[in-house]
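Everything on this sheet refers to the single structure shown next.
The values are calculated or read from the model by the stated rules, or taken from the named source; none is laboratory data. Source: prediction; values computed, not measured. Every residue, glycine as well, gets a Cβ built from its backbone with ideal geometry; the counts of neighbours run over all protein chains shown. The accessibility values were calculated without ligands, DNA or RNA, using every heavy atom of the protein model including side chains. Shrake-Rupley method; radii C 1.70, N 1.55, O 1.52, S 1.80 Å.
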Amino acid sequence: MLKKIALVFSLALIVACSSSDDSSQGGTTDTFDRSALLKNLADNIIIPAYQDFGIKLTNLKGSINAFVATPNQNTLDAARKTWLTAYSAWQHLEMYNIGKAEALNQYYYFMNIYPVTVSDIENGVLTGAFDLNTPSYHDAQGFPALDYLLYGLAADDAGIIAKFSTDKNAQGYKDYLTAVINQMDKLTKDVITDWTTVYRDQFVNSSQNTATSSLNKFVNDYIFYYEKGLRANKIGIPAGVFSSTPLPNKVEGYYNQKVSKALSLEALNAVQNVFNGKSFNGSATGASFKTYLDYLETNKEGEKLSMLINNQFDLARTKIQALDSNFSAQINADNSKMTAAYDALQRAVVYLKVDMVQAFNISVDYIDADGD
Amino acid sequence: MNTRFKTYLNTPTSAAPLAVFRIGFGVMMLLSIVRFWWHGWIKTLYVLPKFHFSYYGFEWIKPIGDYTYLIFALCGISAFLVAIGLKYRLAIITFFLSFTYIELMDKTAYLNHYYFISVLSFLMVFLPANAYFSVDNLLKKRTYTSIPKWTIDSIKLLVSIVYIYAGLAKLNSDWLFKAMPLRIWLPSKYDLPFVGVSFMQQEWVHYAMSWSGMLYDLCIPFLLFYKRTRWFAFALVVFFHVFTRVLFPIGMFPYIMIVTALIFFDANFHRRILSVIKILLKPLNINSQTWRAEVYHYTNRKIILPIIAVFFVFQMVFPFRYLLYPDELFWTEEGYRFSWRVMLMEKMGYTTFKIVDAETGHGFLVDNSDFLTPLQEKQMSFQPDFILEYAHYLGDHFKSQGHKNVQVFAESYVALNGRLSQPYINTTTDLYKEKESFRPKRWILPLHDEIKGF
């Protein structure tokens with residue numbers, strides 16, 4: 001009897017565990033090429049987006065230098081125009097906090113922390129003693145500082161131009177403005193150079209499932225940006241979702257007063273394009289989170305997760321489009337539309353953070369875990 | 001029957017297996033503590049977090065700041081003393097208490113195998129594991145060559161309970177007929193050499209591993225028990241646990257189970273292990289020839305046997321407490337822990353909290369990362385008792401900050417074993433008013449699906 005039990009059991013185990021001969025028909029091998037996903041991201045999305053931004057930032061630097069040299073309405077208008085173009089392009093990059101961008105102690109900290117602390121800027125202007133490399137100046141530089149300096153210094157354009165020409169601190173304003181754009185230019189060049197020389201290959205080749213592989217880090221960064229940079233910073237925080245009262249002065253591009261919606265829509269497009277693997281220059285799509293999800297879910301019944309996510313992005317876009325082009329005005333007029341947009345964005349966080357991450361089964365090596 | 005049982009209780013057996021077990025256990029525990037310390041987990045799990053998730057009824061057990069290291073040190077030292085058998089009774093009691101204290105400090109780090117260690121060390125308090133081959137023998141110049149057979153059998157019984165209950169827990173429709181959660185976990189092991197891109201992606205492999213895992217758990221105690229299948233069974237134990245170690249981040253557990261399985265071998269096998277250790281100890285020049293050799297007898301058997309009996313009844317009944325709860329066990333997790341449910345679920349959640357002023361109706365959302373570590377947030381997000389405890393913590397926190405009429409509401413979505421995420425917590429329930437208890441939690445929304453089985 002014993003022998004029989006042992007025999008049956010070992011046969012069952014042998015069949016179950018060790019037969020690999022009968023796998024040729026019917027079975028699927030891992031046909032999903034994660035390296036291709038990373039290649040598509042790097043070559044068709046991330047690097048083109050950086051290069052596009054690099055050009056636009058150079059233009060911005062040129063027009064700011066021209067404005068500093070001769071402050072007048074023409075040069076101010078030109079600087080503002082290039083500011084907006086570069087700021088829009090930036091919306092495609094903020095989520096890539098990986099590689100050099102991360103190594104710089106978060107590149108985006110130096111580019112887009114808002115609201116700005118006006119007193120830090122004014123103090124820097126007045127004393128000339130400021131160090132943009134220190135963490136306490138994160139909220140006194142980058143695009144938000146330019147927003148303040150180009151739009152918020154005075155009630156009208158003449159007043160702003162006067163600050164850079166006839167004001168007794170004119171030189172201080174000029175120096176601060178120049179320092180801000182130089183800092184942005186320098187850091188951006190560092191990041192772009194790294195991507196186009198060494199980091200691209202490193203990024204593409206790190207497709208393992210470990211806590212430090214670029215695939216896993218990228219997934220985490222992507223979700224983090226969507227949740228924090230886009231959902232919370234652009235919509236949730238100003239709408240007062242995280243505070244007792246709405247905070248309309250915390251919108252992006254606050255001093256410009258016209259672009260917070262445009263920037264948010266640009267950011268949402270960027271997020272959705274990355275999800276679908278859509279090329280930065282053109283409409284071709286490649287290997288992406290979407291195709292990876294579709295691959296993993298081949299046997300699942302019901303609606304595709306990738307479709308649910310895209311539908312949710314689309315819904316959020318519709319909600320944002322319904323808002324005033326200036327979120328501050330929207331919050332003051334009817335904040336419920338802002339929170340509706342927030343809710344739509346929020347639902348996608350669940351799909352990304354719970355359902356997508358579960359499907360990818362991203363390794364997070366906190367400690368031992370036995371899955372319970 | 002009664003006389004047969006009495007005879008059984010008086011049956012002697014060699015003390016060697018229990019001595020080997022004591023050494024193996026002590027060494028594995030010492031390594032576990034060193035490893036835990038080495039990884040810096042004492043700091044990240046117990047010193048740095050502002051807030052700790054307690055077990056119901058054990059809220060008074062908390063990390064004690066930097067002194068937490070002392071508890072670990074105490075635990076490690078007592079494990080070492082257990083291994084060498086010096087002041088064994090004191091050492092194993094200290095080990096049981098310090099290890100259990102550590103386990104109870106924060107349930108974020110709950111693992112079945114930590115519970116197993118606590119339970120096993122509790123049992124060992126009542127066993128004469130220092131009867132043979134211990135420093136205590138050396139000090140007393142006395143050794144015991146035989147001990148009651150039931151002492152060794154009690155360890156075998158405990159190990160068997162763990163395996164069989166783990167096997168029973170796998171008898172459910174997700175595990176057997178959907179190959180969940182292995183179907184999610186295995187394909188993500190595409191990095192593994194040889195098997196990663198081919199084997200781990202095959203659906204039949206997911207099913208085969210689910211079924212053989214279930215069969216393994218249910219059969220292995222019996223295969224270890226019978227002499228004729230023992231070596232085969234031990235080979236399976238080694239294969240199975242090494243394999244799971246390769247696949248999953250489960251730390252020391254596989255090695256502990258491999259060492260534990262040695263208890264099933266007969267005395268000769270253990271004497272051979274001890275003779276190897278004796279050769280290593282030769283330089284110490286210990287002369288045991290002059291020691292008195294005796295048969296070990298319990299002096300307080302009338303107290304100890306009932307304790308052991310109650311202990312085993314508890315072990316067999318407690319895991320079934322989930323039957324008292326109305327809803328799906330995997331979903332509500334009421335009665336899930338301390339029941340040998342290992343590797344059964346892939347569960348993830350996302351839970352946000354809103355602090356509302358009951359009078360004005362105004363409220364704001366909480367940023368969980370202000371209060372919780374990433375691991376705590378992850379664990380909190382899909383376990384109702386964590387959600388409730390954290391809600392109370394938030395309520396107290398904001399009340400002390402001067403907020404009035406505080407209500408705490410949670411919005412939660414949870415995905416279980418590949419199902420699409422579903423709403424988890426009733427968003428209209430003020431969790432600040434709900435109390436933790438053993439009663440069913442009515443504010444957990446039902447799972448829109450059924451999982452059949454144990």
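Sorting the segments A:164-173, B:244-253 by their mean number of nearby beta carbons within 10 angstrom, highest to lowest, gives B:244-253, A:164-173. Compared with the direct C-alpha span, the chain from B:R245 to B:F177 gains 22.0 nm at full extension, assuming 0.36 nm per residue. Computed from the Cβ-Cβ distance with R0 of 35 Å, the FRET efficiency linking B:R292 to B:Y226 stands at 0.45. Here the Kirkwood formula puts the hydrodynamic radius of region B:141-225 at 15.2 Å, using every distinct Cα pair. Dividing the mean sequence gap of close Cα pairs (under 8 Å, 6+ apart) by how many residues chain A holds gives a relative contact order of 19 percent. Between A:D156 and B:L31, the distance separating the two model label sites (each 7 Å from Cα on the Cα→Cβ line) works out to 8.1 nm.
Only the Cβ atoms of Lys and Arg (+1) and of Asp and Glu (-1) were treated as charged; on that basis the dipole of region B:346-433 about its Cα centre amounts to roughly 160 debye. Computed over the alpha-carbon pairs of region A:208-363, the distance histogram in 5 Å steps reads 2, 9, 17, 21, 17, 14, 10, 7, 3, 1, 0 percent, short to long. Computed packing ranks the peptides B:134-145, B:54-65 as B:134-145, B:54-65, most packed first, by mean other Cβ atoms within 10 Å.
For chain B, the relative contact order is 18 percent, taking Cα pairs closer than 8 Å that sit 6 or more residues apart in sequence and dividing their mean separation by the residue count.
Per residue, region B:346-433 exposes 37 Å² of accessible surface when a 1.4 Å probe is rolled over the protein heavy atoms with every protein chain present.
Inter-chain Cβ neighbour count for B:196-202, averaged per residue, equals 5 (cutoff 10 Å, partner chain atoms only). Once the Cα atoms are used to define both axes, helix A:47-69 deviates from the longest principal axis of chain A by about 10 degrees.
Placing +1 on the Cβ of every Lys and Arg and -1 on the Cβ of every Asp and Glu, with no other charges, gives region B:168-218 a dipole of roughly 40 debye about its Cα centre. For region B:392-454, the relative contact order is 27 percent, taking Cα pairs closer than 8 Å that sit 6 or more residues apart in sequence and dividing their mean separation by the residue count.
The A:I55 and A:D77 beta-carbon pair, evaluated with R₀ = 22 Å, returns a calculated FRET efficiency of approximately 0.65.
GNM on chain A, C-alpha springs below 10 Å: top fluctuator among A:A155, A:A42, A:A359? Residue with maximal mean-square fluctuation among A:A155, A:A42, A:A359: A:A155.
Return the carbon/sulfur percentage of the accessible area of region B:1-135, one whole number, probe 1.4 Å, all protein chains in place. So the carbon and sulfur contribution to the accessible surface is 73 percent. Residue-wise HN-Hα couplings along region A:75-85, as the Karplus relation 6.51 cos²θ - 1.76 cosθ + 1.60 with θ = phi - 60° gives them from phi, are 5, 5, 4, 5, 5, 4, 5, 5, 4, 5, 4 Hz; Gly and Pro carry x. Protection proxy ranking for B:373-381, B:271-279, using the average of other Cβ atoms within 10 Å per residue and placing the highest first: B:373-381, B:271-279.
Between chain B and chain A, the total buried accessible area stands at approximately 5000 Å², from heavy atoms with a 1.4 Å probe. The modelled label-to-label distance for the pair B:L323/B:N268, using points 7 Å beyond Cα in the direction of Cβ, is 4.4 nm. Region A:268-283 and region A:105-154 have their alpha-carbon centroids 30 Å apart. To the nearest 10 degrees, how steeply does helix B:301-317 sit against the main Cα axis of chain B, on a 0 to 90 scale? So the inclination is approximately 40 degrees.
Neighbouring Cβ atoms from other chains, within 10 Å of the Cβ of residues in B:415-422, number 5 on average.
A simple rule links phi to the HN-Hα coupling: the Karplus curve 6.51 cos²θ - 1.76 cosθ + 1.60 with θ = phi - 60°, which for region B:59-69 gives 4, 6, 8, 9, x, 10, x, 5, 5, 4, 4 Hz, with x for Gly and Pro.
Solvent-accessible surface of region A:191-273, averaged per residue with a 1.4 angstrom probe and all protein chains in place: 35 square angstrom.
Each label was represented as a point 7 Å from its Cα along the Cα-to-Cβ direction; for A:A69 and B:T360 these points are 5.4 nm apart.
For the peptide B:204-212, the mean number of other protein chain Cβ atoms found within 10 angstrom of a residue's Cβ is 4.
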